[in-house]
Amino acid sequence: MSNPPALLLDLDGTLYTDAGPVPGAVAAIGELRGAAGAGDAPPAMIGDDLWADAAGAQRAGFQGWLVRTGKFREDVLALSGVRPDRILDSIAALVTDGG
């Protein structure tokens, strides 16, 4: 299995991809979400790493959702001061909970 292309999001909203920088990508994503009826809620990053996934997403202006699988540790969450926007038992909860 090959690795997906690397993506980096700068705080000014520039998205850096293997193909080069895309200035204003965050604003464009927001406009597309609005046109699709997604409302004003920021997109969510879902992952099992408290710091890289949940906290990193929140620092970038996204919702940080944490799943209790893989790297997740309850004791680390309790002591971290990080408050994910949502905590799921697994990705499967997105289907069973209705998103």
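The values are calculated or read from the model by the stated rules, or taken from the named source; none is laboratory data. Everything numeric here is computed off the predicted structure, so don't read it as measured data. Here the Cβ positions follow ideal geometry from the backbone for every residue, glycine too, while neighbour counts run over all protein chains shown.
A few notes on this one:
- Filter pass, Thr17 being modelled with pLDDT of 70 or more, loosely packed, with under 15 Cβ neighbours inside 10 Å and of a type in the set (S, T, N, Q): no
- Identity of the residue in the stretch 58-99, loosely packed, with under 14 Cβ neighbours inside 10 Å and in a helix (DSSP H, G or I), that ends up modelled with the lowest pLDDT: Thr96
- Any hit, the stretch 29-42, residues being outside any helix (DSSP H, G or I), touching a Gly at 6+ places or on another chain (Cβ under 7 Å) and modelled with pLDDT of 85 or more: no
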